[in-house]
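Trainee: Structure below; questions to follow.
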Amino acid sequence: MDSQDRDKVVEVFDDLEGLSRAAAGLFSRVAREAIESNGRFTVALAGGGTPRRTYQLLAEPRLREEVRWEAVHVFWGDERCVPPDDPRSNARMARQTLLDHVPVPGENVHPIVWMEDPRQSAADYEAVLRTCFADTLPRLDLIFLGMGEDGHTASLFPGSPALDEGPGWAVAVPSKDPARVTLTYPVFNNAVLIAFLVSGGNKADALDRVLHGSPGLEPSSAARIRPVSGIVRFLVDRAAAGESGS
Ligand code: 6PG
């Protein structure tokens, strides 16, 4: 069952495979439209485990050939502050599943670079964004996001000072272990399209709260993703939608 609430679209798939196929198809379609209109496609990838299958599908022959990778510019919504070959690195996961298998030019790939001081990583990433978006607030064509059981998204965790909107585009989250760097709400909410990928029954309560609110409770981190002039799509499986017993 699909539902639509103005700029918020929810699509429910049988399982992670269906969700991932839809997400990969969405990437390909948005890439084509953006490249036709603007000559390039800017996308921010999500970390966590859920998007892994989406990235693998994008690297398979049919979709790989559909996308004009030379015009794709890849960013990340957040990163763990670990060396690039650490298994916890979001950039490493995307490289292994997707980027090493498609002809995206190396100079178009913009990971959040690990530094001893996460604040330096955040400052460096903001500088990268300023270069790529001509010093104006980035308007990414597509941002993939995941969501945790506590309603966090990217590295915007409940109660974290990173939730407070400041002028920064990327901030450090030193309270996590490992520390994180995340884009901020102003950047997420300036995107053309945000696609949440949410799988599993353990996310059902958090997803319900994001979609429908919860009286007396502050909106969760994910619920505050509301593009000012864009669309949010939730690609979820039946378990996350609370439609199965799992
Ligand atoms: C990360 C993320 C984080 C993730 C959610 C969901 O790097 O971990 O950016 O926000 O998307 O925690 O993770 P799963 O997809 O593994 O459930």
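The values are calculated or read from the model by the stated rules, or taken from the named source; none is laboratory data. Everything quoted here is computed from the prediction, not taken from an experiment. Backbone-built Cβ (ideal geometry, glycine too); neighbour counts: all protein chains shown. Areas reflect the complete protein model, heavy atoms only, side chains present, ligands, DNA and RNA absent. Shrake-Rupley method; radii C 1.70, N 1.55, O 1.52, S 1.80 Å.
Trainee: In debye, nearest 20: dipole of the chain around its Cα centre with unit charges on the Cβ of K, R (+) and D, E (-)?
Mentor: Working: 26 positive and 35 negative charges, 49 e Å.
So the magnitude is around 240 debye.
Trainee: Could you sort His152, His212 by accessible area so the largest value comes first, with the probe set to 1.4 Å? Mind dumping the intermediate values first?
Mentor: Values: His152 40, His212 135 Å².
I get His212, His152, largest accessible area first.
Trainee: If I compute solvent accessible area with a 1.4 Å probe over the protein chains, what percent of it on the chain is carbon and sulfur? List each step's numbers first, then the result.
Mentor: Values: 5440 of 11100 Å².
Within the chain, the accessible surface is 49 percent carbon and sulfur.
Trainee: Now, a different point. Report the normalised scattering of segment 12-220 as log10 I(q)/I(0) at q = 0.15, 0.17 Å⁻¹, calculated by the Debye formula with identical scatterers on the alpha carbons.
Mentor: Values, matching the q order: -0.96, -1.25.
Trainee: Tell me the net charge near Val128. Cut-off is 13 Å between Cβ atoms, Val128 excluded, with +1 for each Lys or Arg and -1 for each Asp or Glu. Walk me through the numbers on the way to the answer.
Mentor: Working: positive: Arg130; negative: Glu79, Glu107, Asp124, Glu126, Asp135.
Neighbour charge sum, excluding Val128 itself: -4.
Trainee: Along the Cα→Cβ direction, 7 angstrom out, place labels at Asp86 and Ala134. What is the inter-label distance in nm?
Mentor: Label-label distance for Asp86 and Ala134, simple model: 3.7 nm.
Trainee: Can you pull the one-decimal nm distance between simple spin-label points at Val228 and Asp15, each 7 Å off the Cα toward Cβ?
Mentor: Once both label points are built, they end up 4.3 nm from each other.
Trainee: How many percent of DSSP beta bridges within the chain run antiparallel, rounded to 5?
Mentor: Numbers: 11 of 34 bridges.
Once the DSSP bridges in the chain are tallied, antiparallel ones form about 30 percent.
Trainee: With a probe of 1.4 Å, find how much accessible area segment 12-220 has per residue, and write the answer as a whole number in Å².
Mentor: Working: 9090 Å² over 209 residues.
Spelled out: the 1.4 Å probe surface of segment 12-220, per residue, equals 43 Å².
Trainee: Calculate the FRET efficiency for Asp164 and Gln96 from the Cβ-Cβ distance with a Förster distance of 35 Å, rounded to the nearest 0.05.
Mentor: Numbers: r = 34 Å, r/R0 = 0.98.
Taking R0 as 35 Å, the efficiency between Asp164 and Gln96 is 0.55.
Trainee: Still on this structure: Label points 7 Å out from Cα along the Cβ direction at Leu217 and Arg119: separation in nm?
Mentor: A separation of 3.3 nm, rounded to one decimal place.
Trainee: If the elastic network links every pair of Cα atoms under 10 Å, which of Pro186, Pro51, Pro105 fluctuates the most in the Gaussian network model of the chain?
Mentor: Pro105
Trainee: Let me ask something additional. Could you pull out the longest piece of the chain with no exposed loop GluC sites (Glu not before Pro) in it, calling a site exposed if DSSP puts it outside H, G, I, E, B and it has at most 11 other Cβ atoms within 10 Å?
Mentor: On the way: sites that count: Glu116, Glu165.
Between the exposed loop sites, the longest stretch runs 1-115.
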